[in-house]
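Below you'll find the structure, written out as structure tokens, and then a few comments.
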Amino acid sequence: RFFPQTWGLRLPLYLQHSRSVSTPEYDPYDLDVRLTDKLDIEDDGQVRDSLREQAQEINKISAINLNNVGITPAGGNPKSPLNPANLSLSYGYTKTERSDPFISNETINDHTGAVDYTFTRGRGGSIEPFKGIKSKYLKLLSEFNINPLPNSVTIANVLNRSFATTSYRFSGVDDEFNTFYNKRFTWDRTYNGRWDLTRSLKLGYNANMNATIDEPDENRLLGLPEE
């Protein structure tokens with residue numbers, strides 16, 4: 001724990017870093033030749049390392065995630081819509097790098113951010129201002145009740161952005177024409193609410209919105225012909 005417990009800070013952190021290398025027995029370009037035999041006949045060390053790297057399948061993953069970060073202060077009112085515990089934040093970043101006999105480099109950067117607000121008041125809390133009236137002629141007025149706060153409110157915002165850059169081997173063209181981009185940027189929103197205005201009058205609201213955010217084309221930024 002890095003912070004005083006009285007702060008009530010939630011900070012779950014996840015870190016990942018991994019690298020895997022798969023080396024084939026046979027050369028992927030000359031399928032009837034063992035890779036070790038092909039490397040043994042090469043005298044230049046740099047060329048030998050390059051041949052080995054081209055034949056291997058290499059995957060690297062680096063990730064950091066902060067999930068449901070929030071504050072739950074001691075002594076806070078859990079039924080208050082202004083309680084800081086109702087708000088939570090999340091962020092995740094993952095970088096994936098890959099190469100194989102046909103792809104010289106593929107890098108994928110994924111970002112995910114979320115902001116959530118959840119308020120739940122539970123049952124009860126109705127106000128009956130005329131409850132003390134005992135007259136049978138004013139019974140309708142004595143049973144009047146109103147709920148000043150909604151029973152529950154949930155608002156969720158999620159942003160996802162993925163950007164991939166892929167370069168192929170042996171394409172026979174300049175590197176600037178050999179790089180391909182694949183990207184996606186979305187924004188999803190969810191709204192849910194329930195409000196029992198009185199014991200017999202209840203309101204509910206649900207909405208979902210999904211948006212795609214356009215970004216400039218990389219080829220246009222680099223002054224290249226568009227795909």
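Every number here is computed from the coordinates shown, using simple stated rules; none is lab data. Just so it is clear, the model here is predicted, and its values are computed rather than measured. Note that each Cβ is placed from the backbone with ideal geometry, even for glycine, and that neighbours are counted across all protein chains shown.
Would you please name the trypsin sites (Lys or Arg not before Pro) within the stretch 109-216 that are DSSP coil residues with at most 15 other C-beta atoms within 10 Å of their C-beta?
Arg123, Lys131, Lys134, Arg169, Arg199
About its Cα centre, what dipole magnitude does the chain give when the only charges are +1 on Lys and Arg Cβ and -1 on Asp and Glu Cβ, stated in debye to the nearest 20?
3440
Students often get this wrong, so try it: which of (1) 20.8, 70; (2) 19.3, 62; (3) 30.0, 108 is Rg and Dmax of the Cα atoms in Å as calculated from the structure shown?
(3)
I need the trypsin sites (Lys or Arg not before Pro) found in the stretch 42-105, filtered to DSSP loop residues with at most 14 other beta carbons within 10 Å of theirs.
Lys79
Place +1 on the Cβ of every Lys and Arg and -1 on the Cβ of every Asp and Glu in the stretch 35-95, take the dipole about the Cα centre, and give the residue among Thr36, Leu89, Asn65 whose Cα lies farthest towards its positive end.
Leu89
Give the aspartates and glutamates reachable from Lys183 as a straight Cα distance under 18 Å; neighbours fewer than 8 places away on the same chain don't count.
Partners within reach: Glu97, Glu106, Asp110, Asp214, Glu215, Asp217, Glu218, Glu226, Glu227.
In the Gaussian network model of the chain, springs joining C-alpha atoms below 10 Å, which of Pro216, Pro150, Pro73 carries the largest mean-square fluctuation?
The residue with the greatest mean-square fluctuation here is Pro216.
How high is the relative contact order of the stretch 1-133? Use alpha-carbon pairs under 8 Å, at least six apart in sequence, and give a whole percent.
Once normalised by length, the contact order is 24 percent.
On alpha-carbon atoms, Rg over Rh for the stretch 1-106 using Kirkwood Rh?
Result: Rg/Rh = 1.38.
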